[in-house]
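The structure under discussion appears below in the form of C-alpha cells.
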Amino acid sequence: MPSRSSGLLAPERAAGQTALLIIDMINCWDFPDAEKLLPCAASIAPRIAALKARCRRSGVPVIYANDNRGRWRSDFPALAQEALRQGGPGAEIASALKPDADDYFVLKPKQSAFFGTPLELLLQHLKASRLILTGVASDQCVLVTATEAGMRDLAVVVPRDCVASQSTARNALVLRQIEEFQKLPTTPSTRLRMIPHARHLQGRRRD
C-alpha cells in the first residue's frame, strides 16, 4: 500500500507546516565505520547548510536529532562544542551546521529520531505535518526515521543531495528504496520551494 505521505508533499514544494530535521551531522565521529562515513557527511554539509538557511528565511523550524551514544546525562550544546573542539572534517561540519539559538534538538538512544524522544510532541507543538529529512546515515537513521514518520501520517521528503551513507553505492541503493518502495520524493534541495509560515509573515508585517 503506498504511503499516505507521498501524496501530501509535492516534489517542488516543501514548506507550509514543515520542519527541517538534521540527523547525526553534529558528531564526534568516534564510532565503527566513522572513517568511511565522515567524508560523505562532509560532502553534503554545505548543501544542508544552504537548505537550512533557506528554511530559516522562510520561518521553517530546524530540528537537530543526534545519538546520545548511551550517555544519558549528555546534552546537545555540549556535544556541539565537543564536535567543534575535535578539529578536522568533523569540526568543519559542526561549524557549517552550528545550531542557532532558536533551533530545536532531540537526543535519540536508537536509530529513529522518534524512538525514546519528544520529537512527535515537538512537531505537534510546531504544528508541523511535513518533514524534510537530511543527514546520515541514509540507510540507517534517515531510513528508519522516514519509515516512522510515515507511520505517523507525516509527509516526508528526503533531498537526495542532503543525505549520505558509507559509500555512494549504499546511498544510491537506499534512495531507490525510498523512492520505489516507500513512495517518498527525493527531490534535490535546490528544487524545494519554501513558503513562509503564517506566523513568520505576520512577524514581518509587524517589523
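Could you name every one of the strands (runs of 3 or more DSSP E) located completely within the stretch 62-171 that has at least 1 residues being touching a residue at least 40 places away in the same chain (Cβ under 8 Å) and under 16 Å from N27 (Cα atoms)? Let's see the steps before the verdict.
Numbers: elements: 62-67, 104-108, 130-136, 155-157.
Correct list: 62-67, 104-108, 130-136.
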What about C162, is it over 24 Å from S58 (Cα atoms), surrounded by 13 or more Cβ atoms within 10 Å (Cβ to Cβ), in contact with a strand residue (DSSP E or B) (Cβ under 9 Å, 6 or more places away or on another chain) and modelled with pLDDT of 95 or more?
no
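Can you give me the number of residues within the stretch 16-43 that are more than 22 Å from Q81 (Cα to Cα) and touching a strand residue (DSSP E or B) at 6+ places or on another chain (Cβ under 7 Å)?
The total comes to 4.
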Selected residue (criterion: nearest to A80 (Cα to Cα)) from residues of the stretch 99-138 that are in contact with a Phe, Trp or Tyr (Cβ under 7 Å, 6 or more places away or on another chain) and acidic (D, E):
D103
Could you go through the stretch 30-48 and let me know if any residue there is surrounded by 15 or more Cβ atoms within 10 Å (Cβ to Cβ), at pLDDT 85 or above, within 16 Å of the chain's Cα centre (by Cα) and not in a helix (DSSP H, G or I).
no
Check on L192, over 17 Å from Y64 (Cα atoms), of a type outside the set (G, A, S), modelled with pLDDT under 95 and crowded, with 18+ Cβ neighbours inside 10 Å:
yes
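The values are calculated or read from the model by the stated rules, or taken from the named source; none is laboratory data. The model shown is predicted, which means the values in this text are computed figures rather than measured ones. Note: ideal-geometry Cβ built from the backbone for every residue, glycine included; neighbour counts use all protein chains shown.
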